[in-house]
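In what follows, a single structure is set out as structure tokens and then discussed.
The values are calculated or read from the model by the stated rules, or taken from the named source; none is laboratory data. Predicted model only: the values in this text are computed from it and were never measured. Neighbour counts are summed over all protein chains in view; Cβ atoms, including those assigned to glycine, are modelled from backbone coordinates with ideal geometry. Each accessible area value is taken on the protein alone, full model and side chains, heavy atoms only, with ligands, DNA and RNA left out. Shrake-Rupley method; radii C 1.70, N 1.55, O 1.52, S 1.80 Å.
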Amino acid sequence: MEYLLIFISAIFVNNIVLSQFLGICPFLGVSQKIDTALGMGAAVTFVLTLATIVTWAVQRFVLDPFGLQYLQTLSFILVIAALVQMVEIILKKVSPALYQALGIFLPLITTNCAVLGVAILVIQKDYSLLESVVYAFSTALGFALALIIFAGLREQQALVRIPKGMQGMSIVLVTAGLLSLAFMGFSGLQGGLSTLFGLK
């Protein structure tokens with residue numbers, strides 16, 4: 001049940017974009033159409049889960065044993081960048097169709113601070129490998145969910161008349177704020193589930 005709590009908490013209660021404000025750049029930049037939001041969500045889910053596994057191993061088997069914890073951020077950035085490049089090269093050779101489908105999204109993930117943020121949060125929370133994978137996967141799903149909902153809202157905005165002073169980025173930021181407020185409604189869910197299942 002602890003994994004279920006991590007899963008629900010990462011998607012709804014502590015959403016990486018709407019509660020922790022990580023990954024705002026792709027959230028605002030790649031959310032104009034649902035198709036692109038789906039592509040970005042899939043790419044982030046894949047890379048975020050893989051990057052968390054690799055960075056967790058680097059922390060546990062390289063940085064901690066040799067007392068190099070101060071190199072955490074630098075090493076994680078290098079690992080994530082190398083990992084994205086490696087995934088891009090492998091996909092290009094193994095599955096050109098998937099590579100074409102992901103397109104520009106793979107290089108964009110290198111600069112997505114949500115990937116680095118989750119890698120560091122996993123270490124700070126002192127999660128085991130399985131807990132880290134569950135947290136990373138559910139966080140990526142939460143990112144994708146927020147991105148797709150936001151893209152749907154932005155597609156609807158294109159169909160309505162918006163006052164001139166609110167057009168462009170103004171209405172986008174107001175919509176993001178309202179979506180964040182909507183997700184705050186889930187804040188009682190974590191405490192309720194903890195009480196229900198007798199978890200801390």
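Close contacts from segment 5-18, counting a first residue that is in contact (Cβ under 8 Å) with a residue 12 or more places away in the chain and a second that is in a loop (DSSP other than H, G, I, E, B) and open to solvent by 10 Å² or more (accessible area, probe 1.4 Å), with Cβ to Cβ under 6 Å and a gap of 6+ residues or different chains, come to 5/199; 12/186; 13/186; 16/22.
Scanning segment 19-51 for residues that are hydroxyl-bearing (Ser, Thr, Tyr), at pLDDT 85 or above and open to solvent by 40 Å² or more (accessible area, probe 1.4 Å) yields one hit, 19. Quick check on this structure: which one of 111, 139 is within 19 Å of the chain's Cα centre (by Cα) and more than 16 Å from residue 45 (Cβ to Cβ)? Within the list 111, 139, the selection yields 111.
Take the conditions (1) among the aromatic types (Phe, Trp, Tyr); (2) open to solvent by 60 Å² or more (accessible area, probe 1.4 Å); (3) in contact with a Ser or Thr (Cβ under 8 Å, 6 or more places away or on another chain); residue 183 misses just one of them, which is (2).
Looking at 154, 161, just one residue is modelled with pLDDT of 85 or more and open to solvent by 90 Å² or more (accessible area, probe 1.4 Å), and that residue is 161.
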